[in-house]
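Participant: Quick one: the structure is below, and I'll ask about it shortly.
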Amino acid sequence: MDISAPGAPRMPSLPDAQASALAGLQGAQSRADEAGAQLAAGNLDPAVVVSLSSAQTDFAANVKVMQAAQENTKRVLDMLV
């Protein structure tokens with residue numbers, strides 16, 4: 001059921017937010033794995049260290065998005081009960 005005003009931009013649904021967060025988590029994990037493998041192989045290029053740090057930050061941000069989406073889903077379900 002779409003209760004938005006005609007012509008109003010549609011907000012992403014909760015499953016879309018969760019899917020986006022999951023894709024972000026997977027991407028961050030992949031980048032962290034790659035950077036970790038390069039560091040383990042002895043590549044001490046600062047760009048690799050920055051990539052690992054960036055992946056860690058991205059992962060944490062996507063965890064927060066997932067938590068918020070789950071909390072919102074719980075609130076909606078609580079209202080329906």
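The values are calculated or read from the model by the stated rules, or taken from the named source; none is laboratory data. Computed from a prediction, not measured in an experiment: that's the story for all the values here. Here Cβ is always computed from backbone atoms with ideal geometry, including for glycine, and neighbour counts include all displayed protein chains.
Participant: Within the group 25, 39, which residue is in a helix (DSSP H, G or I) and either touching a residue at least 40 places away in the same chain (Cβ under 8 Å) or in contact with a Pro (Cβ under 9 Å, 6 or more places away or on another chain) (or both)?
Facilitator: 25
Participant: So how many residues does the stretch 28-81 have that are over 23 Å from residue 18 (Cα atoms), small (Gly, Ala, Ser) and surrounded by 13 or more Cβ atoms within 10 Å (Cβ to Cβ)?
Facilitator: So the count comes out to 3.
Participant: Can I ask one more? Failed condition for residue 19, given (1) assigned to a helix (DSSP H, G or I); (2) modelled with pLDDT of 95 or more, with all others met?
Facilitator: (2)
Participant: Moving to a separate point now. Output the residues belonging to the stretch 22-79 that are over 21 Å from the mean Cα position of the chain (by Cα) and small (Gly, Ala, Ser).
Facilitator: Of everything in the stretch 22-79, those that are over 21 Å from the mean Cα position of the chain (by Cα) and small (Gly, Ala, Ser) turn out to be 37, 40, 41, 42, 47.
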